[in-house]
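Input: a single structure, listed below in structure tokens.
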Amino acid sequence: MRLDEPWPENELETLGKCPVCGSAERDVLLDGLHDMAFRVAPGRWTLWRCGGCAAAYLDPRPAAAFIVKAYERYYTHGESEAFRLDPPGPLDLRTRFITGVRNAWLNRRYGAKLPWALPFGWLLAGLFSDRQRRVEQLIRHLPPPKGRKLILLDAGCGSGDFLRTAGQLGYQAMGLDFDQEAVARGKAAGLDIRQGSLPGTGLPPESVDYITVSHVLEHLHDPVGTLREMYELLKPGGCLWITQPNLSALGLTEFGVAWRGLEPPRHLTLFEPAGLMTLLLEIGFEQVTLHDAVPQADFYYRQSRAQQLGHDPYQPGPTPGWSSEWDARAAAADAAAAQDSRLSEALTITGRKPA
Ligand SMILES: [Zn+2]
């Protein structure tokens, strides 16, 4: 398939109504979207805003049987590439100190045995509340296991980087992904990864304590069915953790069709915080919480700026068209999101299944 061609008609499905709430009331939010991020998927796409639940969705969209064609050149999410609880040494003095305080704090909290921990370093952790928030986001707000080993499922885990992190913090971590190659890579690295779909995991109900869904929900043809299944998989009292691009992000207003969070036609459905929280409550979750934003605008703004100018956002080197003015705009977006996390580039929400 060539990028400038339409996606083949017989491989599309037309919805006519919202895949989240079923309402047919809608307006065009953005038109003429195309694959600016990985530049493998042909087609022009329309993003609709639902009048019922305020979610946004592509319509038409590639049918589930053909969507794999949009993933021919796709990097699994690199969040943890830069984040290791056990960075290979030697560390420079500053990194040694930061790692030392962080790991001392995590060891104390989780009873873990992470390397590099500074003796009594945990006493200093409270002084770095920004960094502490960032670490909490990176460990996906995992609660410390109290007395027993907790089972974690990372649904859509890629090659399983987060399983390693969760394992180091004392969780019994398993992953699920539809991508055969990613599953094979993870298995080769000794991780518990299974191949499966969302929904339709094949896992037994009430078997998991904590489920994380990181940048996955927006890719699924049936996000609601998936969330319902996650609810079933959780033991009573178990928690679901979700992070994904935020339809209310300031970056969407700034960049429109070039906003990195859109990523058509791989991102099929996007939520505003309130809409996703309402959906979780309807499914039965309680204590549904939108977490504080961590700074992310630098990534989203740089990638969006490159896309806006027609460049590959993953091209190494300086960001095309970037200047100190853009640094300031990204910093302002982070500052606004720090005040009001409903404006953050990506949203993070947790919910608990009643005990
Ligand atoms: Zn809707």
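Observations on the structure shown:
- On inspection, TYR301 fails the criterion of being aromatic (Phe, Trp, Tyr) and out of contact with any Lys or Arg (no Cβ under 7 Å at 6 or more places or on another chain).
- The condition (being closer than 30 Å to GLU5 by Cβ and β-branched (Val, Ile, Thr)) is satisfied by just one residue among THR269, THR243: THR269.
- Residue count for region 5-33, restricted to those that are over 23 Å from LEU276 (Cβ atoms) and among the hydrophobic types (A, V, I, L, M, F, W, C): 2
- Checked against the criterion of being open to solvent by 20 Å² or more (accessible area, probe 1.4 Å), out of contact with any helix residue (DSSP H, G or I) (no Cβ under 9 Å at 6 or more places or on another chain) and small (Gly, Ala, Ser), region 230-239 contains one or more residues that satisfy it.
- Selection of region 157-176 for residues being open to solvent by 20 Å² or more (accessible area, probe 1.4 Å) and within 14 Å of the chain's Cα centre (by Cα) yields only ASP161.
- Qualifying residue in region 106-128 (condition: of a type in the set (A, V, I, L, M), in contact with a Phe, Trp or Tyr (Cβ under 8 Å, 6 or more places away or on another chain) and closer than 29 Å to GLN180 by Cβ): no
- Test for ARG2: is it farther than 22 Å from ASP179 by Cβ, exposed (fewer than 13 other Cβ atoms within 10 Å of the Cβ) and charged (D, E, K, R): yes
- Within region 91-115, tally of residues that are under 25 Å from LYS146 (Cβ atoms), open to solvent by 40 Å² or more (accessible area, probe 1.4 Å) and assigned to a loop (DSSP other than H, G, I, E, B): 3
- Hits in region 240-261 - residues which are free of Cβ contacts under 8 Å to residues at least 12 places away in the same chain and crowded, with 24+ Cβ neighbours inside 10 Å: LEU252
- Region 9-22, residues that are free of Cβ contacts under 8 Å to residues at least 24 places away in the same chain and open to solvent by less than 40 Å² (accessible area, probe 1.4 Å): none
- Qualifying residue in region 328-335 (condition: open to solvent by less than 50 Å² (accessible area, probe 1.4 Å) and closer than 13 Å to LEU252 by Cβ): yes
- Filter result (under 21 Å from PRO19 (Cα atoms), aliphatic (A, V, I, L, M) and either out of contact with any Pro (no Cβ under 7 Å at 6 or more places or on another chain) or part of a helix (DSSP H, G or I) (or both)) within region 258-280: LEU262, LEU268, ALA274, LEU276, MET277, LEU279, LEU280
- In region 1-60, residue nearest to the ligand (Cβ to nearest atom) [restricted to those that are assigned to a strand (DSSP E or B) and over 25 Å from LEU347 (Cβ atoms)]: GLU13
- Failed item, numbered, when ALA293 is tested on (1) under 23 Å from GLN132 (Cβ atoms); (2) part of a loop (DSSP other than H, G, I, E, B); (3) in contact with a Lys or Arg (Cβ under 6 Å, 6 or more places away or on another chain): (3)
- Qualifying residue in region 66-85 (condition: over 30 Å from ALA166 (Cβ atoms), outside any helix (DSSP H, G or I) and not β-branched (Val, Ile, Thr)): yes
- Verdict on ILE151 being touching an Asp or Glu at 6+ places or on another chain (Cβ under 7 Å), open to solvent by 30 Å² or more (accessible area, probe 1.4 Å) and of a type in the set (A, V, I, L, M): yes
- Residue within region 324-346 that is in contact with a helix residue (DSSP H, G or I) (Cβ under 9 Å, 6 or more places away or on another chain), among the aromatic types (Phe, Trp, Tyr) and closer than 23 Å to HIS219 by Cβ present: no
- Within region 290-318, tally of residues that are open to solvent by 60 Å² or more (accessible area, probe 1.4 Å), under 20 Å from ASN246 (Cβ atoms) and in contact with a helix residue (DSSP H, G or I) (Cβ under 8 Å, 6 or more places away or on another chain): 5
- Pairs, first open to solvent by 30 Å² or more (accessible area, probe 1.4 Å) in region 41-52, second among the acidic types (Asp, Glu) and within 9 Å of the ligand (Cβ to nearest atom), C-beta under 7 Å, six or more apart: GLY51/GLU25; GLY52/GLU25
The values are calculated or read from the model by the stated rules, or taken from the named source; none is laboratory data. Because the structure is predicted, anything quoted here is derived from the model rather than measured. All Cβ positions, even for glycine, are placed from backbone atoms using ideal geometry, and neighbour counts span all protein chains on display. Note: accessible area is taken over every heavy atom of the protein model, side chains too, but ligands, DNA and RNA are not part of it. Shrake-Rupley method; radii C 1.70, N 1.55, O 1.52, S 1.80 Å.
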